[in-house]
Amino acid sequence: MLLCFRSMKNKLPLLTTALLASLTLPSSQCASADKGLKDYYQKDFYVGAALNYRQISGRDAKATALIKEQFNTISPENLLKWESVHPQPDTYNFRPADDYVAFGQQNKMFIIGHTLMWHQQTPKWVFEDATGKPASREMVLKRLEDHISTVVGRYKGKIAGWDVLNEAIDDQQGDLRKTKWLEIIGENFSAKAFEFAHKADPKAQLYYNDYSLYRPEKRAGVIKLVKSLQARGIKVAAIGMQGHYGLTKPSLAQVEASIVAFSKLGVHVNFTELDIDVLPTARGPTLPKRLGPTLNTTCTPPACPIRCSSSSPSATPTCSPCFTSTATLSTASRSGASPTPIPG
């Protein structure tokens, strides 16, 4: 389950200090067992999670209960991506998305749609004609508009914000990523997606979402992109900073620099896909088989969740009060490879 922090309407952009505070509350605030993260920060920003269908349907009962208790905004992991909701030219699969939206409405949550345009998980047919050859610009634009109009239109007034464009900036130079969207439509592909989304639901908030935005070159690329959209009169409500972080990288200064730079554009900042890699990177054969302390959840919890760690499976865990007890472990670190960004 990935955490998401989204700035609220008429609130200042989310600050790094607020983000860190949300991850570990002072022990004095742990007295109320019936309060979740959403309750502590309800006046400041939304706190959410990315959901899969097992959680939405209630088949993962424990996770569903946790979501209702802790969060007030939700994003879908895959069910609104093009290949899931629109797998064939004349076929839409709305059942999972309908259930997702219904879950959010029933629990009075701020509902996010993810994502309308991405270079991954988009069927090949979108970019091909009937013979399998590259489709014309006009054909791809027509398919894009039909898709956005149908999907956004179906949830008009229900889904409050859309990740319109996902990961369109190159990792190395900060230029536009070389994708079929860019190749066929041209550099205004992003503008078209935002225009179609706004037309389908004028009141929905529209976002740009990407990872590694603490890196100066990628930050600069996103700023250039958003400025180009603003120059066309297109409103970008927020920039989503995917938080695939480690314990030591990026630095707070790097993250803060991007928050400040993006806020100068007049947009909010959303922290999306927040996961923390708690394992060190294995870079050679001399490292021990067990990499550092392990999370241990066998302690008996007091009035609120606790963090427990031990140096080995047989050692008595040391426990300290806190509010968060979850972390995402990187399989890359476990296998000895260098961790890489986890886009999506």
Residue ID - farthest from residue 225 (Cα to Cα), chosen from residues in region 148-188 that are assigned to a loop (DSSP other than H, G, I, E, B) and among the β-branched types (Val, Ile, Thr): 159
Matching residues, region 70-108, being part of a loop (DSSP other than H, G, I, E, B), in contact with a Ser or Thr (Cβ under 8 Å, 6 or more places away or on another chain), in contact (Cβ under 8 Å) with a residue 24 or more places away in the chain and surrounded by fewer than 22 Cβ atoms within 10 Å (Cβ to Cβ): 78, 81, 92
Residue count for region 51-69, restricted to those that are crowded, with 20+ Cβ neighbours inside 10 Å and hydroxyl-bearing (Ser, Thr, Tyr): 0
Region 143-157 residues that are at positive phi, paired with ones that are surrounded by 17 or more Cβ atoms within 10 Å (Cβ to Cβ) and among the small types (Gly, Ala, Ser) (beta carbon under 9 Å, 6 or more apart): 157/204
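Residues checked against (1) more than 20 Å from the chain's Cα centre (by Cα); (2) of a type in the set (Lys, Arg); (3) farther than 30 Å from residue 40 by Cβ; (4) at pLDDT 95 or above:
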residue: 74; (1), (2), (3), (4): no, no, no, yes
residue: 89; (1), (2), (3), (4): yes, no, yes, yes
residue: 96; (1), (2), (3), (4): no, no, yes, yes
residue: 118; (1), (2), (3), (4): no, no, yes, yes
residue: 126; (1), (2), (3), (4): yes, no, yes, yes
residue: 131; (1), (2), (3), (4): yes, no, yes, yes
residue: 142; (1), (2), (3), (4): yes, yes, yes, yes
residue: 155; (1), (2), (3), (4): no, no, no, yes
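The values are calculated or read from the model by the stated rules, or taken from the named source; none is laboratory data. Nothing here was measured: the structure is a model prediction, and the numbers come from that model. For neighbour counting, all protein chains shown are included, and Cβ atoms are generated from backbone atoms with ideal geometry for every residue, glycine included.
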